[in-house]
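The structure appears right after this line, and notes come after that.
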Amino acid sequence: MDDQQNTLTYEIIKAAVAGEKWATERVLRYYDDYMTEFATVKERQPDGSVRTYVDEDMKQSIILNLLEKIPDFPLEEAERIAEGENADI
């Protein structure tokens, strides 16, 4: 059930592109683990150990970039792909 709730469907993406807050939040939740991974930094300490942490400024920058790109998502292309997949069923 959790996998189903964390799936991005065409309808969710379409709603996010239209500016629906609930859909945008679903997109952000879907990509949260990826964004956290990309914002994780390994820093060598003076004693030689390595400190691993999430750079929250970097993560916020990634989130802002994603939010800026959502309206530019190519819906027409996604719709053609979705229609093609449904034709195979």
List residues of segment 28-43, by number, whose backbone nitrogen lies under 14 Å from a label position 7 Å along Cα→C-beta of VAL54.
28-41
Take every Cα pair under 8 Å in the chain that's 6+ residues apart, average their separations, divide by the length, and report that relative contact order as a whole percent.
26 percent
If I take the Cα coordinates of the chain and project them onto the principal axes, what are the three extents in Å, biggest first?
60, 27, 23
Would you mind calculating the gained length between VAL41 and GLU11 on full extension (0.36 nm times residue separation, minus the Cα-Cα distance), in nm to one decimal?
7.4 nm
Given charges at Cβ of Lys, Arg, Asp, Glu: segment 1-77 dipole, positive-most of THR7, ALA23, VAL54
VAL54
The chain: calculated mean residue ellipticity at 222 nm from DSSP helix runs of at least 4, using -39500 (n - 2.57):
-19500 deg cm²/dmol
Carbon and sulfur together cover what percent of the accessible area of the chain at a 1.4 Å probe radius?
50 percent
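The values are calculated or read from the model by the stated rules, or taken from the named source; none is laboratory data. Computed from a predicted model, the values in this text were never measured in an experiment. No Cβ is skipped: glycine too gets one built from the backbone with ideal geometry, and neighbour counts run over all protein chains shown. For accessibility, only protein heavy atoms count, side chains too; no ligands or nucleic acids. Shrake-Rupley method; radii C 1.70, N 1.55, O 1.52, S 1.80 Å.
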